[in-house]
Amino acid sequence: MSKSLPYSMKDVDYDNAKFRQRSLSKVLNQTILTNNVKRECLRCSTGKFLLVIMLFGIAYLIFTPTRHVSSHRADHAIINSKDNVTVDTSTGLRRFFRKPPRLPPLLTPDEMRTSNTSVHQIDVDASKWMGKQQQVREAFIHAWSGYKKYAMGFDELMPLSKRGIDSLGGLGATVVDALDTAMIMGVEDIVNEAGSWIETHLAEKISQKGQVNLFETTIRVLGGLLSAYHLSGGASVETTSVGPKPIVYLNTATMLADKLLVAFTSSPSPIPFSDVILRDNSAHAAPDGLSSTSEASTLQLEFNYLSDISGDQKYSLEAMKVLKHIKTLPKVEGLVPIYISPQTGEFSGQNIRLGSRGDSYYEYLLKVWLQQGANQNSNLTYLHSMYEEAMKGVRHLLVKKSVPNGLVFVGELPYGASGSFSPKMDHLVCFLPGTLALGATKGMTKSKAMRDNLLTFEDLENLRLAEDLVKTCVETYLVTSTGLGPEIAYFHVEDYFEEGYDGGNKSSKYLNDIIIKPADRHNLLRPETVESLFVLYRITEDPKYREWGWQIFEAFEKYTKVSSGGYTSLDDVTSVPPNRRDKMETFFLGETLKYLYLLFGDTNVVPLDKFVFNTEAHPIPVNGADKRQ
Ligand code: DMJ
């Protein structure tokens, strides 16, 4: 293992049976009383000395009267069923042979006070977070109200100019992206409005609209419909009373997927074309002839689930061809270039990063495997192996620490493994801590996974990296004057620093570690950091992740809320007041507010071991929960 690695074995404290505390009797059995050792012991004078000490110890236990740690405990030492207090007069000898009563431990008045306080504290905490969760719900209602007023049916709201814009092909992307968030939050009016709009308008738009991007349409629109199908009741007879019947969502999803399939079937390789012309049933490559690696490999959760619920395997078959094919391509320690050609099926260029065009390739390797129930024997284990190899590659080639304060970050290799390292990290990379944590415990809590001895060395390394990285993501927010993160941050390392590009918050410890260049200072209301906070909170149960999430939410409220309705992107997070950008991205409703809401709420809602979130935060049940037989 290379010395320069920040993630070396010595840093990891892990639970292994070998290092667990053993009981005194086991220790005695296995050491002093083992025959050979005993013989050796008695032969030497130290051994004899130890034996004498041991005999004294036993005699002390037998012949000394009972002593209690606290007088309160002594008073209540044995209380019989009639509430008579009996004094413990047993001699040491009787006590020595008596079995201890199986009573719950008694508490001192002090302990009782603290224990009551902690029960009380739990209640106070729960209601504190419930209150915050309600504020997120209010924010969602405010975002929707602006969209509904000025942009209903358009892809996105321009909240400052108070109009709509079709920036994603015109399928009403905000409606579909927001729908399952409204379902999870229980905002019935919005479920009704969004649901009726889908029922009335979406099918017509799907048949008549022109060019859409395969990836964006799959993760936002198809993903949103599929999740709405499940959350509104799916195939079960009991459906929610609000909004259209689940079959409406399924039929619309099927119609859309039938159109999108042409991107796969018309490509000369297993890599789909990036764009589809809906009304023509045709597809083509992007102008440079290339597809983004992340785009081609971030379709499978959705197409697999559609096959499960429709009973038609063609969706899954086409989408899975991509991953099966990528499996055969050469990689750099599991890492892949960010472009791939649908013409040849080969990667193009050497640029490796986990930011734009690379990110969700790694996310779906894990999640598609998890979708099948994280089965070690399934025919998808190759995805888990690819994921593990890639994460090892990340730790080896892309993870470094900043100067002077050692923030752990993930950089880029723009010229491949033999080229120089760039200490640049897109906000998009902040999905990674959540994915790493999810991959480590497969969605269960860390404490349960540790208790059941389920974590491998790799898992522990990944979990540790997840915790370090999410802190870095949060620090890119806290270092700015607005408390909101930039689109891209650079990190000060030994051979790279640029003066004068700090985030503006002079009280941040990391002012000199994080560099924010003028062109990278915008904030698009992106979800990745709060997404990882949500996953890390669910897995580690550490309340600091909620506290950080709340700070971020407050900054969104302060700087991005538009009083007439909606929230807006910003031009520059380092200056106050920040210039506003006039765009509310669909993922603010689909992802950012959903993850914040779930972060502050009951951990049983959308549990991570029963659902995988697609890359646009639409939950899909694992293991074909409502599969057609
Ligand atoms: C979303 O559309 C998805 O999360 C995607 O994977 C990356 N970009 C945006 C959010 O930032």
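Listed values, structure above:
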{"item": "J(HN,Hα) series, the range 209-216, from Karplus relation 6.51 cos²θ - 1.76 cosθ + 1.60, nearest Hz, glycine and proline x", "result": "6, x, 7, 10, 7, 4, 5, 4"}
{"item": "FRET efficiency, Lys245 to Val332 (Cβ-Cβ, R0 41 Å, nearest 0.05)", "result": "0.25"}
{"item": "Contour minus Cα-Cα distance for Leu317 and Lys401 (0.36 nm per residue)", "result": "26.1 nm"}
{"item": "Nitroxide proxy distance, nm - points 7 Å out along Cα→Cβ at Gln211 and Asp258", "result": "2.6"}
{"item": "Fewest-first sequence of Asp459, Asp166 by Cβ atoms within 10 Å of each Cβ", "result": "Asp166, Asp459"}
{"item": "Cα gyration tensor category, rounded, prolate or oblate, for the range 343-436 with a/c compared to 1.5", "result": "oblate"}
{"item": "Computed FRET value (nearest 0.05) for Glu389 with Ser236, which takes r as the C-beta separation and R₀ as 45 Å", "result": "0.70"}
{"item": "Length gained when the stretch Ser420-Gln551 is fully extended (0.36 nm per residue, less Cα-Cα span)", "result": "43.6 nm"}
{"item": "Overall form of the range 130-272 per C-alpha gyration tensor (a/c, 1.5; a/b vs b/c)", "result": "oblate"}
{"item": "Within the range 577-591: backbone nitrogen closer than 18 Å to the Asp166 label point (7 Å, Cα to C-beta)", "result": "586"}
{"item": "³J(HN,Hα), Karplus 6.51/-1.76/1.60, whole Hz, each residue of the range 188-202, x for Gly, Pro", "result": "4, 4, 6, 4, 5, 5, 5, x, 5, 4, 4, 4, 7, 10, 5"}
{"item": "Ranked Trp129, Trp369, criterion: other C-beta atoms within 10 Å, fewest first", "result": "Trp129, Trp369"}
{"item": "Interchain or long-range residues, amide H under 5 Å from Gln211's placed H", "result": "Leu278"}
{"item": "Over the range 250-291 - Rg/Rh using Cα atoms and the Kirkwood inverse-distance radius", "result": "1.01"}
{"item": "Nonlocal amide H pairs with Phe600, under 5 Å, H built at 1.01 Å", "result": "none"}
{"item": "Sorted by Cβ neighbour density within 10 Å, fewest at the top, the residues Tyr361, Tyr339", "result": "Tyr339, Tyr361"}
{"item": "Estimated inter-spin distance, Lys561 and Arg451, nm [label 7 Å along Cα→Cβ]", "result": "4.0"}
{"item": "Stretchable slack from Tyr496 to Tyr382, in nm (0.36 nm times residue separation minus alpha-carbon distance)", "result": "37.2 nm"}
{"item": "Rounded D (µm²/s) - the range 220-281, Kirkwood Rh over Cα pairs, Stokes-Einstein at 4 °C, 1.567 mPa s", "result": "100"}
{"item": "Distance histogram for the range 178-234 (every C-alpha pair counted, 5 angstrom bins, percent rounded to whole numbers)", "result": "4, 18, 26, 27, 15, 8, 2"}
{"item": "Cβ-derived FRET efficiency at R0 22 Å, Val605 paired with His201, nearest 0.05", "result": "0.15"}
{"item": "Gyration tensor (alpha-carbon) shape descriptor, the range 268-419, a/c threshold 1.5", "result": "oblate"}
{"item": "Under-5 Å amide H pairs with Glu412, H placed in peptide plane, nonlocal only", "result": "Ser422, Lys424"}
{"item": "Vicinal HN-Hα couplings computed from phi for the range 321-332 (Karplus, 6.51 cos²θ - 1.76 cosθ + 1.60; Hz; Gly/Pro x)", "result": "4, 4, 5, 4, 5, 4, 4, 7, 7, x, 9, 9"}
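Since every read-out is calculated from the coordinates, none of them should be taken as a lab result. Computed from a prediction, not measured in an experiment: that's the story for all the values here. Note that we place each Cβ from the backbone using ideal geometry, even for glycine, and neighbour counts take in every protein chain shown.
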